[in-house]
Amino acid sequence: MTHRLGPMQTLPSPMRKFADHDVVDYCIVGVGSAGGVLVQRLARAGFRVVGLEAGPFWDTEKDWVSDEKGSHELYWNDLRITGGTHPLALGANNSGKGVGGGSVHWAAFAPRFHPSDFRVYTEDGVGADWPMSYWDLKPYYELLEREIPVAGPAWFPWGDPHGHPYGPHPLGGVGDVLVRGCTKLGIRSVAGGPVAILSGSHGDRPHCIYRGFCLQGCKVGAKASTLITHVPDAITHGAEVRAHSMASRISLREDGRVEGVLYLDREGKEHFQRARAVIVSGYAIETPRLLLNSACPGHRHGLANSSGTLGKYLMAQAGNVVAGRFEELIRLYKAPPAHALSEEFYETDPHRGFARGFAVQTVGPLPVAFAKQMTAAMGAWGWGMRRVMMDYNHWATLGVLGEILPWEDNRVELADERDQHGLPVAKVTFNLHDNDKKLIQFGENKVMEIMRAAGAKQVVQESRFAHLVGAVRMGSDPSNSVVDRFGRTHDIPNLFVCDGSILPTQGSANPGLTIQALAARTADYLIKQGDAVFFSNRRDLTEPGIRYDLSPSYTRFKGNPRIA
Amino acid sequence: MTFVLTTELERSANRALPAPLSEAMTSILEHLREGCFQRSLCLIVSVTSVASGLEVGYEHYKGSYSNPVMYTPILLSGSLAVAGLLGAFSGVAARTALRLISIVTLADGIIGFCFHVRGVARKPGGWSIPVTNIVMGPPLFAPLLFGTSAYLGLMASYLRREEDLNRVGDKLGEIVEAGSSDWRTNLRYGRFQKHLSFVTVLWAFFSGFEAMYSHYKTNFRYKAQWTPVLLTPVLIAAGVGAIKSRRIANTVLPAVSALALADGAVGFYYHARGIARRPGGMRKPLYNTLYGPPIFAPLLFAACGFLGLMASLLRREKR
């Protein structure tokens, strides 16, 4: 049976298998956005790599359905406890389960962070500075934009202005609304990207056909996920991706170094994968949960938590959705949800009375998601809901993507409840602070203004949150951060964290591209360090220098790549 | 004595080529110089209008033929191809049917241009964000480029036929009409170098602009995508120079035009390769041609080079 990834791609077979008693070089926990890139890079560089993934290894032709309800298995649906003054809805848009992780169902918006995002504390006196600058990450942004590849305008005017390797997508009705509204108000906007969806075909991946099921897992294979961009190459180069393997704890040797990962297979049987180094890439909830669950003598409050910041400074982005009803047809479902945006309000503006800013983006909920939003936005119910839904094709939706600052009281802890494996589950506390509330208020009003300028007759809005980063903060000071600038924990020299959880601040950009760029950079660092990671406690913080020879095949060529 | 391209070509053909070839070359050049190439130009019109008809056919297919007017260029290019073919066989057809259809097609190109300008205006934001909407909207100058073969057809309809070269009546006629600077007479006797140089400039601008924004759209992913953009101003300068100076028309213009022609040919190869490299490759020719790089677009740029080359082989207008 061939394992299919999209209509044209098949998974390389057979996949190499390591036995539990084999000592691998790297065990990577979580094969999602970051994990997929790490597995691929390290395998290509010749390391023995195992990726443990709690969810299934998707066969896109068999497992995925182009249906809103049928796609709930793409999310992390295990028990989690949520709380705080503004509890986050956990599940759909901020988690992923299965190889590819969240990148399987992301909207694939792929803007870069701005240079200012890396120095928020220096510039605005709030949040934190990154232990690196934008310019350290820039070559990786460029490389990953080619590998993914990202389609978008040839000129993206905000932050560090740049172009994109693939041409822009044609606009759908919602993109039209955004561009029209923004132009009317004199706000600059870009159309057709940046989005990690193919506007022209690429190797064995066909281009987008604008059928609208991006968030349900793209069966076309046009939308990038590490499942189809990096994992096949990893397997070709001898990595093993072990699905249905739920990591339960990371165990330490007596010398304080990591020995391997304990995990539960599909039947609940416990295994132990020995590894010379471990990288945790479980995203903002599962990564701190695993580290907290791995508490042991010497690390009583969780692994690598000598600073006490593990699980703290969790961030979500304000994701308010503004919906407007138009006389003409919009057809929300057509085109990728992500295809036009404005970052005109991204940076701090002292006149606005709050620090940092937000982006305005298109969103394109399908009917079920839209109905949920309308319940919240206008209290639609019963017959009223039917009336609204009959008009589905007349509604356009734009999203605010606002930066919420990292606060110590927004955190992931362990709850008393246990999941089906008997492991303590995560308890997520989330509160909004004054600056965040002002920002959301301003952003919401601005987007409603754009919606009206575009000609909407009726405008409503729903408050929600999008993305989830932070909680295993990266920093140069071991007393207030968990990992260093390359994702290595300050406390344990062969334990790394590399995923969205290490971001000190989040900007108003969707984090997917940045997570993958960080993973590629960490991989270059690990490859440069070589065996020193496994045997030495010395911490070398020099930049590794980017490697251009580790990209998956098909991406080294410019333009339309060769198939063969 | 100034350098005259045709004389030099004739001389070197006589020197270097064996007799039958050099004679053929001489007579081709003579036909061009005297304006006696109606049949050949009619055939060229026929072939180019098939190419541009196919181009506009799939481009408008992508636009779903949402406006019935989008069918007109398809119908007209078909008619033009037929008229060109007829014109190759019959001088009457060349002077009547071909002329009429060429004029209508040219008018259609101009009307199409207006539609495309309106199309850009109708995009969200309209002309207040020109870069975005020219890139995302209908190809602005494509309808005018579509007129290339029609313009050639119009010119062909005023030319003399190949067999008229040595006709006594025509010889006398030329002497009688020698003083005339009427454009029809100029065309008739192959004296329209400046005219054709001007047309080259115009078309170079249109196709260069097309190449620029469509290559800009994909962010100049291949370095070769810069070549038409960089060649265009050179070709325009050469064309303008050719209007002013006979020497430039005989030296720089043919050199640059040959480059443009070669560039168009290379571009055609790249575009065809781009199509072949798409998933399915040549097994899905129709689909991949529709959604791949526009296969005939580089030939439109090559057509500018062709025009320039032709201009350099003609005689200048009588003052």
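Quick one: in region A:354-384, of everything that is assigned to a loop (DSSP other than H, G, I, E, B) and surrounded by fewer than 15 Cβ atoms within 10 Å (Cβ to Cβ), which residue is nearest to the chain's Cα centre (by Cα)? Walk me through how you get there before you give the answer.
If we filter region A:354-384 for residues that are assigned to a loop (DSSP other than H, G, I, E, B), which is where we start, we get A:355-357, A:364-366, A:379-381.
Of the ones still in play, those that are also surrounded by fewer than 15 Cβ atoms within 10 Å (Cβ to Cβ) are A:379, A:381.
On the way: A:379: 31, A:381: 33 Å.
Selected residue: A:379.
With respect to the stated conditions, residue A:144 fails to be more than 8 Å from every other protein chain (Cβ to nearest Cβ), part of a loop (DSSP other than H, G, I, E, B) and within 19 Å of the chain's Cα centre (by Cα).
The set of residues in region A:166-197 being out of contact with any Lys or Arg (no Cβ under 9 Å at 6 or more places or on another chain) and of a type in the set (Val, Ile, Thr) consists of A:177, A:183, A:190. All conditions but one from (1) within 19 Å of residue A:315 (Cα to Cα); (2) surrounded by 15 or more Cβ atoms within 10 Å (Cβ to Cβ); (3) modelled with pLDDT of 90 or more apply to residue A:466; the one that does not is (3).
Rundown of residues vs (1) surrounded by 18 or more Cβ atoms within 10 Å (Cβ to Cβ); (2) within 11 Å of another protein chain (Cβ to nearest Cβ); (3) in contact with a His (Cβ under 9 Å, 6 or more places away or on another chain), yes/no style:
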site	(1), (2), (3)
B:273	no, yes, no
B:277	yes, yes, no
B:280	no, yes, no
B:314	yes, no, yes
B:318	no, no, no
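Give me the residue from region A:205-221 that is within 14 Å of chain B (Cβ to nearest Cβ), assigned to a loop (DSSP other than H, G, I, E, B) and touching a Gly at 6+ places or on another chain (Cβ under 8 Å) and, out of that set, surrounded by the most Cβ atoms within 10 Å (Cβ to Cβ). Result: A:221. Of the helices (runs of 4 or more DSSP H) lying entirely inside region B:177-251, those carrying at least 2 residues that are within 14 Å of chain A (Cβ to nearest Cβ) and over 20 Å from the mean Cα position of the chain (by Cα) are B:193-217.
Looking at region A:5-12, can you tell me whether even one residue there is away from every other protein chain (no Cβ under 14 Å) and surrounded by 19 or more Cβ atoms within 10 Å (Cβ to Cβ)?
To start, the set of residues in region A:5-12 that are away from every other protein chain (no Cβ under 14 Å) comprises A:11-12.
Checking which are surrounded by 19 or more Cβ atoms within 10 Å (Cβ to Cβ) leaves us with A:11.
Checked region A:5-12: at least one residue is away from every other protein chain (no Cβ under 14 Å) and surrounded by 19 or more Cβ atoms within 10 Å (Cβ to Cβ).
If you check A:524, A:531, A:540, A:549, which single one turns out to be under 26 Å from the mean Cα position of the chain (by Cα), closer than 24 Å to residue A:40 by Cβ and without any contact (Cβ under 8 Å) to a residue 12 or more places away in the chain? Outline the logic, then answer.
Values: A:524 fails: without any contact (Cβ under 8 Å) to a residue 12 or more places away in the chain; A:531 fails: under 26 Å from the mean Cα position of the chain (by Cα); A:540 fails: under 26 Å from the mean Cα position of the chain (by Cα).
Only one candidate passes the filter, namely A:549.
Total residues in region A:299-353 satisfying the condition of being touching a strand residue (DSSP E or B) at 6+ places or on another chain (Cβ under 7 Å), in a loop (DSSP other than H, G, I, E, B) and not polar (S, T, N, Q): the figure is 16.
Checking the structure you have, find out if any residue of region A:392-410 is within 25 Å of residue A:115 (Cα to Cα) and either of a type in the set (D, E, K, R) or modelled with pLDDT under 90 (or both). The answer is yes; a qualifying residue exists.
Selection over region A:374-383 of residues that are modelled with pLDDT of 90 or more and either small (Gly, Ala, Ser) or touching a Lys or Arg at 6+ places or on another chain (Cβ under 8 Å) (or both) gives a count of 1. Scoring residue A:156 on the criteria (1) under 23 Å from residue A:364 (Cβ atoms); (2) crowded, with 24+ Cβ neighbours inside 10 Å; (3) more than 9 Å from chain B (Cβ to nearest Cβ) leaves a single failure, condition (2). Just one of the listed residues (A:396, A:415) is buried (at least 20 other Cβ atoms within 10 Å of the Cβ) and small (Gly, Ala, Ser), and it is A:396. Applying the criterion of at least 3 residues that are hydrophobic (A, V, I, L, M, F, W, C) to the strands (runs of 3 or more DSSP E) found wholly in region A:1-111 leaves A:24-29, A:49-52. The residue of region A:187-204 that is farthest from residue A:165 (Cα to Cα), among those that are facing chain B (nearest Cβ under 9 Å) and in a loop (DSSP other than H, G, I, E, B), is A:188.
Taking the conditions (1) surrounded by fewer than 24 Cβ atoms within 10 Å (Cβ to Cβ); (2) under 17 Å from residue A:244 (Cα atoms); (3) modelled with pLDDT under 90 in turn, residue A:61 satisfies each one other than (2).
Residue-wise test of (1) outside any helix (DSSP H, G or I); (2) within 14 Å of chain A (Cβ to nearest Cβ); (3) touching a Gly at 6+ places or on another chain (Cβ under 8 Å); (4) at pLDDT 90 or above.
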{"residue": "B:105", "(1), (2), (3), (4)": "no, no, yes, yes"}
{"residue": "B:109", "(1), (2), (3), (4)": "no, no, yes, yes"}
{"residue": "B:112", "(1), (2), (3), (4)": "no, no, no, yes"}
{"residue": "B:124", "(1), (2), (3), (4)": "yes, yes, yes, no"}
{"residue": "B:131", "(1), (2), (3), (4)": "no, yes, no, no"}
{"residue": "B:144", "(1), (2), (3), (4)": "no, no, yes, yes"}
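Note on region A:163-181: residues that are more than 7 Å from chain B (Cβ to nearest Cβ) and touching a helix residue (DSSP H, G or I) at 6+ places or on another chain (Cβ under 6 Å) amount to 1.
Residue-wise test of (1) closer than 28 Å to residue B:154 by Cα; (2) touching a residue at least 12 places away in the same chain (Cβ under 8 Å); (3) surrounded by 17 or more Cβ atoms within 10 Å (Cβ to Cβ).
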position	(1), (2), (3)
B:3	no, yes, no
B:11	no, no, no
B:16	no, no, no
B:24	yes, no, no
B:31	yes, yes, yes
B:42	yes, yes, yes
B:54	yes, yes, no
B:63	no, yes, no
B:67	yes, yes, no
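The values are calculated or read from the model by the stated rules, or taken from the named source; none is laboratory data. Keep in mind that this is a model prediction, so the values were computed, not measured. Don't worry about glycine lacking a Cβ; one is built from the backbone with ideal geometry, like all the others, and counts go over all protein chains shown.
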